[in-house]
């Protein structure tokens, strides 16, 4: 394993670099200072902003409101569980880059029963490493495959030019991989099942793609929390417009609720605990099309108005409880007169 340093700031300005966010993703690097190498990593913008705040916070400052990793670290400490390290790894063997949906974090935990590992999103893992004060590591094989030599004070400069330019037309932030041609690329599996403080529940739900559809299923009889497979784009080009998210759903033995979700947060993302403690499934900023039980393919849709202060648009499919939900032909479109 290679211990790396998280690099978000442009050292010339002390700020997150301009033009380093594209399609809801923020560029950072994981720097191997000893080897003079760096691996580019793209995070969700909200993750990068929270990570920046944690890195800039002075020792002894108050806990940042709404940062789940702060609470998780304190609860683990109180329970006698130590976070030992956070390892960043690709979701697959042949991933050519580390982006949301293709990067994950493996959190090492020291418990009374022995060492344990929990797999979480890369953004969550990095924030947990910062608040817990533990090293961030990258497997040597990943460093050898993805890292590149860097020189000079601005470690992000070699990678900025490689970001995809905005697509042509009036909309710069568009959904991607809606036919699941590239598996789960651009999609992120998240939810409260990853944030349980009692036991390990990170394997309670599974998500796969097959024949142009995605399958979100409970992997155990009584899964904890809920799971959501979602894609996130920046809302700037959709402000003051009405958007509709639609798709075909097929439910099998859904014990609780499942369906489409369209979220328009001012801050945070689906699956995070709100600062006021409200359940994110009942947040008024969420819009749903529900299904339950067992049913054949049927078209569903959900519509929302995008306010001018919205940061992101999050859309996808969720499952709360046992069973299986399948999605095909998803579309996110603004109204014709929007």
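Ranked by Cβ crowding within 10 angstrom, fewest neighbours first, how are 3, 314 ordered?
Numbers: 3 13, 314 28.
Final ranking by Cβ density, sparse to dense: 3, 314.
Test of understanding: what is the full-extension gain from residue 331 to residue 309, defined as 0.36 nm times their sequence separation minus their Cα-Cα distance?
Working: separation 22, 0.36 × 22 = 7.92 nm, distance 2.32 nm.
Value of the extension gain: 5.6 nm.
Tell me the label-point distance for the pair residue 109, residue 34, using the 7 Å Cα-to-Cβ offset, in nm and rounded to one decimal.
2.9 nm
Using just the Cα positions, wrap the stretch 208-269 in a convex hull and report its mean projected area in square nanometres, one decimal place.
Across all orientations, the stretch 208-269 yields a mean hull projection of 6.0 nm².
Bear in mind that the values in this text are calculations on the coordinates, not laboratory data. The structure presented is a predicted model; accordingly, all values stated were derived computationally and were not measured. For neighbour counting, all protein chains shown are included, and Cβ atoms are generated from backbone atoms with ideal geometry for every residue, glycine included.
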